[in-house]
Amino acid sequence: MRSLKQQQGMTAIGWLLVLTLIIVISLLIIKILPIYMNTFKITSALNSLKTDQLAQGKSATELKKMLLNRFDIDMLQVVTADEITVTRGDHVYNVRVEHQFKEEMLTNLYIVLVVDEAVDIPIQQ
């Protein structure tokens, strides 16, 4: 058994393991951060549509166009018009965005994030 004075620092294998762990975590962060930012843009666009007074008197197609315009302003081109549904309920329009983000990590390993956000917008009569 070695004395404490002879055991100094980490070995080369220890450093390789630490560096590998740092690289893997950094890769995950680099791949996941843009997806998270786009999810935040979708949520904030829906919430701003909900609080917009002009949206309360609009039809379903106009609400969809307003939301797509907000996505264009936020430079969010990944959500298409087909992923936005506007349904009429009792005194409200339900605006829902369903989108699936898919990011490739390795050749056959993917990160998938499903966004399903909805807001209710009152119908003025």
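Taking the options Ile23, Ile13, Ile35, Ile29, name whichever one is loosely packed, with under 14 Cβ neighbours inside 10 Å, under 22 Å from the mean Cα position of the chain (by Cα) and part of a helix (DSSP H, G or I).
None of the others qualify; the one that does is Ile29.
Restricting the search to the stretch 68-87, which residues are over 17 Å from Lys50 (Cβ atoms), over 13 Å from the mean Cα position of the chain (by Cα) and of a type in the set (A, V, I, L, M, F, W, C)?
If the condition is that a residue be over 17 Å from Lys50 (Cβ atoms), over 13 Å from the mean Cα position of the chain (by Cα) and of a type in the set (A, V, I, L, M, F, W, C), then Met75, Ala81 are the ones that fit.
Check Val97, Val79 and return the single one that is of a type in the set (A, V, I, L, M, F, W, C), free of Cβ contacts under 8 Å to residues at least 60 places away in the same chain, surrounded by 10 or more Cβ atoms within 10 Å (Cβ to Cβ) and not in a strand (DSSP E or B).
Val79 is the lone residue from the list that is of a type in the set (A, V, I, L, M, F, W, C), free of Cβ contacts under 8 Å to residues at least 60 places away in the same chain, surrounded by 10 or more Cβ atoms within 10 Å (Cβ to Cβ) and not in a strand (DSSP E or B).
Can you tell me which residue in the stretch 56-76 is farthest from Asn38 (Cα to Cα), limited to those that are touching a residue at least 24 places away in the same chain (Cβ under 8 Å) and among the small types (Gly, Ala, Ser)?
Gly57
Being closer than 21 Å to Ala60 by Cβ, among the hydrophobic types (A, V, I, L, M, F, W, C) and assigned to a strand (DSSP E or B): is that true of Val114 here?
no
Quick check on the stretch 55-74. Is at least one of its residues farther than 23 Å from Tyr110 by Cα, touching a Ser or Thr at 6+ places or on another chain (Cβ under 7 Å) and either surrounded by 10 or more Cβ atoms within 10 Å (Cβ to Cβ) or of a type in the set (Asp, Glu) (or both)?
Yes, some residue in the stretch 55-74 is farther than 23 Å from Tyr110 by Cα, touching a Ser or Thr at 6+ places or on another chain (Cβ under 7 Å) and either surrounded by 10 or more Cβ atoms within 10 Å (Cβ to Cβ) or of a type in the set (Asp, Glu) (or both).
Being modelled with pLDDT of 95 or more and of a type in the set (Asp, Glu) narrows it down to one residue among Asp116, Asp52; which is it?
Asp116
May I ask you to list the residues in the stretch 38-76 that are of a type in the set (D, E, K, R), more than 16 Å from Val114 (Cα to Cα) and part of a helix (DSSP H, G or I)?
Lys50, Glu62, Lys64, Lys65, Arg70, Asp72, listed by residue number.
Sort out which residues of the stretch 101-125 are farther than 21 Å from Leu49 by Cβ, surrounded by 10 or more Cβ atoms within 10 Å (Cβ to Cβ) and out of contact with any Asp or Glu (no Cβ under 6 Å at 6 or more places or on another chain), and write them in order of number.
Of everything in the stretch 101-125, those that are farther than 21 Å from Leu49 by Cβ, surrounded by 10 or more Cβ atoms within 10 Å (Cβ to Cβ) and out of contact with any Asp or Glu (no Cβ under 6 Å at 6 or more places or on another chain) turn out to be Lys102, Glu103, Glu104, Met105, Leu113.
The values are calculated or read from the model by the stated rules, or taken from the named source; none is laboratory data. Remember, predicted model here, so these are calculated numbers, not experimental data. For neighbour counting, all protein chains shown are included, and Cβ atoms are generated from backbone atoms with ideal geometry for every residue, glycine included.
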